[in-house]
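Nothing in this text is a laboratory measurement; each read-out follows from the coordinates by a stated rule. Just so we're clear, the structure is a prediction, and the values are computed from it rather than from any experiment. Here the Cβ positions follow ideal geometry from the backbone for every residue, glycine too, while neighbour counts run over all protein chains shown.
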Amino acid sequence: QEQNGPEGDKVDFPGFLHRIVSDPETDHCIHWLYGGTHFFISDKKKFAKEILPVHYNHTKFPSFIRRLKRWGFIRVPSGPLMGAYYNPNFKKGEANRASLVKYNPQVMLAHEAIRINNSRAFSAFAGSGCLMHFAALGHGLGPSIMPETDS
């Protein structure tokens, strides 16, 4: 059974995920794709509402996705498998290989650092008055950030 918290995450998330993806009862919202090297979450709302609470003890889909990233699962960005997830050690019919999937907390730490730094840079840029000038020059930031004028 999946344990909550960081230790549970590090111990059995790949095994837990393999069981869910392989369970025919969950095929209506998460399932293996042809070839068994990728899985797809076809109905995110049902997955969060029906599968996560029963098997994972929470309903937060974004948290689940962050966990996939920390475990090295990659989302296919384009092409016929767009939106599917994969990891070289995560394959249909090979539950024993799931133990080879490695936890990497640095993945999200790096992502969060970029988000925080971008947010700070944007705030500094906006606070300097440059943002309105940038938008006025037609750089695609749109009229919503321009001050209203009485014309």
Review point. Contour minus end-to-end for E50 and R19, with contour as 0.36 nm per residue of separation and end-to-end as the Cα-Cα distance?
Key: 9.6 nm
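Give me the net charge for the shell around N89: Cβ to Cβ below 9 angstrom, other residues only, Lys and Arg +1, Asp and Glu -1.
After counting each charged neighbour, the total is +2.
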Revision key, fill the gap. Once both label points are put 7 Å beyond Cα along the C-beta direction, the T37-V107 separation in nm becomes 1.8 nm
**Study point:** Potential extension, F61-M82 segment - 0.36 nm per residue separation minus Cα distance
**Key:** 5.7 nm
Check your understanding: Can you give the convex hull volume per residue for the Cα atoms of segment 61-108, as a whole number of Å³?
Key -> 90 Å³
